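Here is the structure we will look at, set down as structure tokens.
The values are calculated or read from the model by the stated rules, or taken from the named source; none is laboratory data. Because the structure is predicted, anything quoted here is derived from the model rather than measured. Quick reminder, even Gly has a Cβ in these numbers, built from the backbone with ideal geometry, and neighbours come from all protein chains shown.
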Amino acid sequence: MKRIGVFLCWCGSNIGGVVDVPKTAEYVRTLPGVAFVQENKYTCSEPGQAAMIQAIKEHKIDAVVVASCSPRMHLPTFQKAVETAGLNPYLIEMANLREHCAWVHAAEPERATQKAMELVRKAVAKVAKLEPLYESYIPVTKRALVIGGGIAGIQAALDIADAGHQVVIVEKEATIGGRMAQLDKTFPTLDCGA
Amino acid sequence: MVAAAQHPNITLFTYSEVDSVGGYIGNFDVTIKKRAKYVDYSKCTGCGMCETKCPTKKVTSEFDEGMGQRTAIYKPFAQSVPNKPVIDNKSCKKLIDGKCGVCAKVCPAGAINYEDQDELVTEKFGAIVMATGFDLIKWGDYYPEYGGGTIPDVIDGLQFERLVNAGGPTGGKIKRPSDGETPQTVVFIKCVGSRDTLKAKSYCSRACCMYTAKHAHQVREKIKGSDVYVFYMDVRTPGKLYDEFYMRTREQDGAKYIRGQVSKIYQDGSKLIVRSEDTLVGKSVEVEADMVVVETAMVPRPDSVQVAQTVGFSYDKDGWFTEAHPKLRPVETNTGGVFLAGCCQGPKDVPDTVSQASAAAVKVVGMFSKDQMATNPQIAAVNEATCVGCLLCKPICPYKAIEAKEIQERVHGETVTRTVASVNSGLCQGCGACTAECRSGSINLKGFTNLQLLAEVDAACL
């Protein structure tokens, strides 16, 4: 059985102002597989991450639940942190106590706390079943295709070409320039479009 | 434009379209259709003799938005890049019924080739930048009360640009299309087709407030003693030096801004009657105009959805290309290696377009800074032992990542061949659509397997 570490984030008052984080922590300690629970004001901050890394090493944690914000926001942050601590970066699960709980249930703190417990319980159950995953590597063809030869396509092509890479611009019309070439003067400086 | 054409690292494929896109991030195989130009660019010097002599002179010019005419062999405009013509096979007499051939006779370089054919070329690319731009809404279809496009002197903003452009059909003189007279009273109407949830598009087209101010300024500058009216809902000028520009148009140029939505435009003799309300005064107003310019909503190119499906990324209800995240990943799509620049993502003005294009370029250059790239391992995996090869997963995959694969097995001492699904790890973006579709539960998303998700469900239902 995995030794699961759960890191509960206050996100300042974003989560902590609604969810009773200490009470949630107390409950999480009773869940099967949970070997360690820690609360943090800001888990994503440098001291927050340092505390997480230290705890993983000290308590021999081998899978992590971070109960904080949306994984869209900070999953890569925490993946890096657990990797630094020596774990596979895919042995982590996030419980979204901010967007999915504190923010939407701000008017009902008690029920929000209940939901927070359930969200963490769910994440703990999943992380227990997670397996390490490994990235593979694919080669990169260093040649870019720009579809459309208006001002956007021309600018992107010039910047990529200036960095030393080959670029092909595909343009439907018989000339590049697009809409910009049709314009007379352009605001606010009234210089020419072509 | 010229800088792009002269850059040693840039190749231009004009008069060309993307036919199909295969492969995946870092390794796209793109087939490009080079349409027949009927002119050999390796011989053509761009002298323009063919255009001068072409007998078909009355083709409506697309570049001039119908405000001018062109020949059948033509350059869209005098400063075209490349500065060489193409033959429009829909209007060229030689190509339609074989009776002409003047351009081939007069061409001193022998560059005309009536036998030219469309050509398909396939090339390999690591990244794709979408920069397909916008169109203006066909306002006539939505606003019959403005004449529905039948009143010749009611024109749109791009047509006005061609009228006022020194390189345009009137040499930069503002003349109204019906009789070529210089209009003394010009009315501009903003938000035609935009911010109109009932009739047209709900979004703000973003650049029109500013270019309307520019148009108003240009009329006042070019036509002495002219009257300019601008009908508006709001004036939105966030941007460096933008509000100053707008205030100058009002205060120094003397453009008259009237807050109100125009309810009707109709022809009365040589005049156009514009009826509206003035919501700040609470009265109805009527302006006798010589020309009306409707400043219309930007809309995606008519083929934007088809292009998005060809390249393989998502688009929104209006047909604009969707960025991966509205704030944090504004120039990436959800498909790895495909980036967005300019108005194909949504209406924007020139400074924003240029900024976004440079940002997209940086993303591409960042990708190219490494020889190989790591792929996300959270992708679909097929259990070949249980997959029955029904391939229901194949059409459901939005990234074209699933293919059929033949495998050989030994069953009771005999070798049998059967079909199973196979996931291309470069194309799969880990969306999980296939796992929901699979009847036998043979496809799992790594990191989100059925077992792992059911453990979550069990815990949630405790």
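Could you check, for segment A:152-162, whether at least one of its residues is outside the structural domain of A:Leu31 (by TED's automatic domain parsing), touching an Asp or Glu at 6+ places or on another chain (Cβ under 9 Å) and either within 21 Å of B:Thr31 (Cβ to Cβ) or touching a residue at least 12 places away in the same chain (Cβ under 8 Å) (or both)?
Checked segment A:152-162: at least one residue is outside the structural domain of A:Leu31 (by TED's automatic domain parsing), touching an Asp or Glu at 6+ places or on another chain (Cβ under 9 Å) and either within 21 Å of B:Thr31 (Cβ to Cβ) or touching a residue at least 12 places away in the same chain (Cβ under 8 Å) (or both).
To keep it simple, each residue is scored yes or no on (1) within 17 Å of B:Gln69 (Cβ to Cβ); (2) among the hydroxyl-bearing types (Ser, Thr, Tyr).
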| residue | (1), (2) |
| --- | --- |
| B:Gly148 | no, no |
| B:Lys173 | yes, no |
| B:Gln184 | no, no |
| B:Ile189 | no, no |
| B:Ser194 | no, yes |
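Within the bounds of segment B:151-171, is there any residue that is of a type in the set (D, E, K, R), away from chain A (no Cβ under 12 Å) and over 13 Å from B:Val292 (Cβ atoms)?
No, because not a single residue in segment B:151-171 is of a type in the set (D, E, K, R), away from chain A (no Cβ under 12 Å) and over 13 Å from B:Val292 (Cβ atoms).
Say we look at segment B:101-128 and pick out the residues that are of a type outside the set (A, V, I, L, M, F, W, C) and in a strand (DSSP E or B); which of these is nearest to B:Gln372 (Cα to Cα)?
B:Lys124
Based on this model, can you work out whether A:Ala123 counts as within 12 Å of chain B (Cβ to nearest Cβ), buried (at least 24 other Cβ atoms within 10 Å of the Cβ) and farther than 30 Å from A:Leu183 by Cβ?
It is true that A:Ala123 is within 12 Å of chain B (Cβ to nearest Cβ), buried (at least 24 other Cβ atoms within 10 Å of the Cβ) and farther than 30 Å from A:Leu183 by Cβ.
How many residues does segment B:218-249 hold that are assigned to a helix (DSSP H, G or I) and either within 24 Å of B:Arg195 (Cα to Cα) or free of Cβ contacts under 8 Å to residues at least 24 places away in the same chain (or both)?
The total comes to 7.
Of all the strands (runs of 3 or more DSSP E) wholly in segment B:326-383, which have at least 2 residues that are more than 7 Å from chain A (Cβ to nearest Cβ) and not aromatic (Phe, Trp, Tyr)?
So the answer is B:338-340, B:380-382.
Mind telling me which of the residues B:Cys461, B:Cys434 ends up being more than 11 Å from chain A (Cβ to nearest Cβ) and not polar (S, T, N, Q)?
B:Cys434
Anything in segment B:84-130 that is closer than 30 Å to B:Asn334 by Cα and free of Cβ contacts under 8 Å to residues at least 24 places away in the same chain? List them, or say none.
Result: no residue meets the conditions.
Picking from A:Glu99, A:Glu83, which residue would you name as being surrounded by fewer than 19 Cβ atoms within 10 Å (Cβ to Cβ) and closer than 16 Å to A:Tyr42 by Cα?
None of the others qualify; the one that does is A:Glu99.
Is it fair to say B:Val311 is out of contact with any Gly (no Cβ under 8 Å at 6 or more places or on another chain) and outside the structural domain of B:Arg206 (by TED's automatic domain parsing)?
So B:Val311 passes the test.
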